[in-house]
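Visitor: Here it is: the structure, laid out below.
The values are calculated or read from the model by the stated rules, or taken from the named source; none is laboratory data. Everything numeric here is computed off the predicted structure, so don't read it as measured data. We place every Cβ from the backbone using ideal geometry, glycine too, and count neighbours over all the protein chains shown. Areas reflect the complete protein model, heavy atoms only, side chains present, ligands, DNA and RNA absent. Shrake-Rupley method; radii C 1.70, N 1.55, O 1.52, S 1.80 Å.
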Amino acid sequence: MDHRTAIITGAADGIGWAMAQVFARAGHAVLLADLDGEKAAARAAELGPRHLSAAADVTSEDDVTALAALAAESFGGCDVLVNNAGIADRHLPTLEQDMAHFSRVLDVHLKGTFLVSRAIGAGMLKVGTGAIVNIGSIAGVAGMPRRNAYGAAKAGIVAMTRSMACEWAGQGVRVNAIIPGYVETDLVATLIADGKLDATRLRRRIPMGTLARPEDIAEAALFLASPQARYITGTTLNVDGGWSAFGDSGDASPG
Ligand code: NDP
């Protein structure tokens, strides 16, 4: 995989940073895009001189156009795109949810995934090869009270994964999505610290009894983006420790 290139959005932290490390280790030159350009630059420097960074808000068409231009100029294109950038819902009761936050959650996840896929996908279609991996969530599959915007955005990402996959399947560009369960990142740590998630109950709901590590999601993305997955497109891969498989009453594990 020596000459492969990857763009990862939201790469300065959490799952995105794990993705950047895993893809770099597998031989990709990585372009780390993040809202926090300074942090992304520091992370890219940590990975080594082949890697690049960009300050980019995935909801901004101008930022995304500049990101695609940087990838074209510096990498000569892009083999892999991981649409990872995301923000959490506020976990408020529906009647207390305001439109500004609702729209921002939809914008970052749904509009962001669309804009970046459109911009980077254009280059992939030109050369007739590429793989896009989107990041969904179990919140987009199962009903999670108080998570209207987040759940809707993640469900929309899966719908868009399927539609783009079918449109581009004959042109060498594959599009898939990962459905992570709960992952040990700052995003989840903050929800636990704020009392919006109960860590003990959470672990008991997971058949494997533990949260995922960011690397677990990154390794799955690496596979979906790899030539080994050449016949896989339009699919979703659950990486959730068995969360989605569990339908019994009571706890799924001792936690
Ligand atoms: P983190 O908050 O740890 O990292 C998200 C990164 O995305 C941050 O660096 C953040 O930058 C960046 N970001 C946020 N908004 C934008 C934007 N508009 N443009 C560019 N970058 C942006 O989150 P996680 O690593 O936990 O989550 C990563 C993805 O995985 C998200 O899509 C999330 O929904 C999904 N996911 C996470 C799960 C979990 O349990 N953690 C479970 C299921 C899915 P900054 O810090 O500057 O805001």
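Visitor: For the stretch 244-255, which residues satisfy the criterion of being open to solvent by 30 Å² or more (accessible area, probe 1.4 Å) and either of a type in the set (S, T, N, Q) or in contact with a strand residue (DSSP E or B) (Cβ under 9 Å, 6 or more places away or on another chain) (or both)?
Guide: 244, 245, 249
Visitor: For residues that are outside any loop (DSSP other than H, G, I, E, B) and modelled with pLDDT under 95, scanning just the stretch 170-188, find the one that is nearest to residue 87 (Cα to Cα).
Guide: Going through the qualifying residues, I end up with 187.
Visitor: Does any residue of the stretch 17-25 turn out to be surrounded by fewer than 20 Cβ atoms within 10 Å (Cβ to Cβ), farther than 20 Å from residue 173 by Cα, out of contact with any Ser or Thr (no Cβ under 7 Å at 6 or more places or on another chain) and not small (Gly, Ala, Ser)?
Guide: yes
Residue by residue, here is whether (1) among the acidic types (Asp, Glu); (2) within 24 Å of residue 88 (Cα to Cα); (3) touching an Asp or Glu at 6+ places or on another chain (Cβ under 8 Å) holds:
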position: 159; (1), (2), (3): no, yes, no
position: 168; (1), (2), (3): no, no, no
position: 172; (1), (2), (3): no, no, no
position: 175; (1), (2), (3): no, yes, no
position: 227; (1), (2), (3): no, no, no
position: 233; (1), (2), (3): no, no, no
position: 240; (1), (2), (3): yes, yes, no
position: 243; (1), (2), (3): no, yes, no
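Visitor: Which of (1) part of a helix (DSSP H, G or I); (2) open to solvent by 20 Å² or more (accessible area, probe 1.4 Å); (3) within 12 Å of the ligand (Cβ to nearest atom) is the odd one out, the single condition residue 144 does not satisfy?
Guide: It fails just one condition, (1).
Visitor: Identify, please: which residue in the stretch 26-43 is near the ligand (Cβ under 9 Å from one of its atoms) and within 12 Å of residue 83 (Cα to Cα) and is, among those, least open to solvent (accessible area, probe 1.4 Å)?
Guide: Applying the filter and picking the extreme gives 33.
Visitor: Just give me the residues in the stretch 88-128 being among the small types (Gly, Ala, Ser), within 13 Å of the ligand (Cβ to nearest atom) and open to solvent by 20 Å² or more (accessible area, probe 1.4 Å), in sequence order.
Guide: 88, 103
Visitor: Among the listed residues 131, 85, identify the single one that is in contact with an Asp or Glu (Cβ under 8 Å, 6 or more places away or on another chain), closer than 22 Å to residue 218 by Cβ and near the ligand (Cβ under 9 Å from one of its atoms).
Guide: None of the others qualify; the one that does is 85.
Visitor: What number of residues in the stretch 189-238 are part of a helix (DSSP H, G or I), among the hydrophobic types (A, V, I, L, M, F, W, C) and open to solvent by 70 Å² or more (accessible area, probe 1.4 Å)?
Guide: Count: 2.
Visitor: Related question: Condition first: buried (at least 18 other Cβ atoms within 10 Å of the Cβ) and either away from the ligand (no atom under 16 Å from the Cβ) or of a type in the set (Lys, Arg) (or both). Now tell me which residues in the stretch 52-79 satisfy that.
Guide: Once the filter is applied, which keeps residues that are buried (at least 18 other Cβ atoms within 10 Å of the Cβ) and either away from the ligand (no atom under 16 Å from the Cβ) or of a type in the set (Lys, Arg) (or both), the stretch 52-79 yields 75, 78, 79.
Visitor: Pull out all pairs, ordered by first then second residue, where Cβ-Cβ is under 9 Å, the residues are six or more apart or on different chains, the first lies in the stretch 170-182 and is on the phi > 0 side of the Ramachandran plot, and the second is of a type in the set (S, T, N, Q) and more than 16 Å from the ligand (Cβ to nearest atom).
Guide: Sorted first by the residue in the stretch 170-182, then by its partner, the pairs are 172/129.
Visitor: Which condition number does residue 215 fail, the rest of (1) within 27 Å of residue 103 (Cα to Cα); (2) of a type in the set (Asp, Glu); (3) in contact (Cβ under 8 Å) with a residue 12 or more places away in the chain being met?
Guide: Failing condition for residue 215: (1).
Visitor: Condition first: under 16 Å from residue 104 (Cβ atoms) and crowded, with 22+ Cβ neighbours inside 10 Å. Now tell me which residues in the stretch 150-165 satisfy that.
Guide: Matches in the stretch 150-165: 150, 153, 154, 157.
Visitor: I'm told residue 100 meets every condition in (1) within 16 Å of the chain's Cα centre (by Cα); (2) farther than 17 Å from residue 175 by Cβ; (3) among the small types (Gly, Ala, Ser) except one. Can you identify the failing condition by its number?
Guide: (1)
Visitor: Then there is this: What's the total number of residues in the stretch 1-46 that are closer than 24 Å to residue 60 by Cα and touching a Gly at 6+ places or on another chain (Cβ under 8 Å)?
Guide: 9
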